[in-house]
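Working notes, beginning with the structure itself.
No lab work stands behind these numbers, since they all come straight from the coordinates. None of these values were measured; they are calculated from a predicted model. When we count neighbours, we look across all protein chains shown, and the Cβ atoms used for this are built from the backbone with ideal geometry, even at glycine.
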Amino acid sequence: MKIRSIAFALLLLGAFACKTFSHGSGDADQNGPTVIQVDNQGFLDMNVFAMRSSQRVRLGTAPGNSKTNFTVPSSLVSGLTPLRFVADPIGGRRASVSEEITVAPGDTVVLTIPPV
């Protein structure tokens with residue numbers, strides 16, 4: 001069971017490393033909301049949080065085997081802001097935390113949670 005948890009954490013961190021931002025093409029709305037698009041390919045539902053410094057804000061629940069969009073509160077994002085995202089499995093033992101990702105207003109961050 002411990003090996004599964006470690007493998008899940010490593011896969012989740014790898015997925016975070018493959019993030020996608022929409023501002024690369026130059027047509028993102030710099031005053032628009034910051035969106036996290038969660039592709040939960042796993043069976044378990046996940047509570048998703050955004051973290052800035054020691055502040056942790058719940059974005060919502062990403063049901064298993066589905067795609068969900070969440071808006072990051074504008075109080076967390078001002079200019080270029082380093083954030084971490086936490087996926088906490090409901091009924092699971094251990095949450096996974098992403099690497100620090102720099103986001104700006106209007107960005108879309110794609111988070112893929114792989115099946116375990």
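Some notes on this structure:
- Share antiparallel - DSSP beta bridges, the stretch 35-116, percent rounded to 5: 80
- Pairwise label distance in nanometres, residue 66 with residue 31, each label 7 Å out on the Cα-Cβ vector: 3.4
- On the basis of the beta-carbon distance and an R0 of 30 Å, residue 41 and residue 102 show a calculated FRET efficiency of 0.75.
- Extension gain, residue 93 to residue 58: 0.36 nm times the residue separation minus the Cα-Cα distance gives 10.8 nm.
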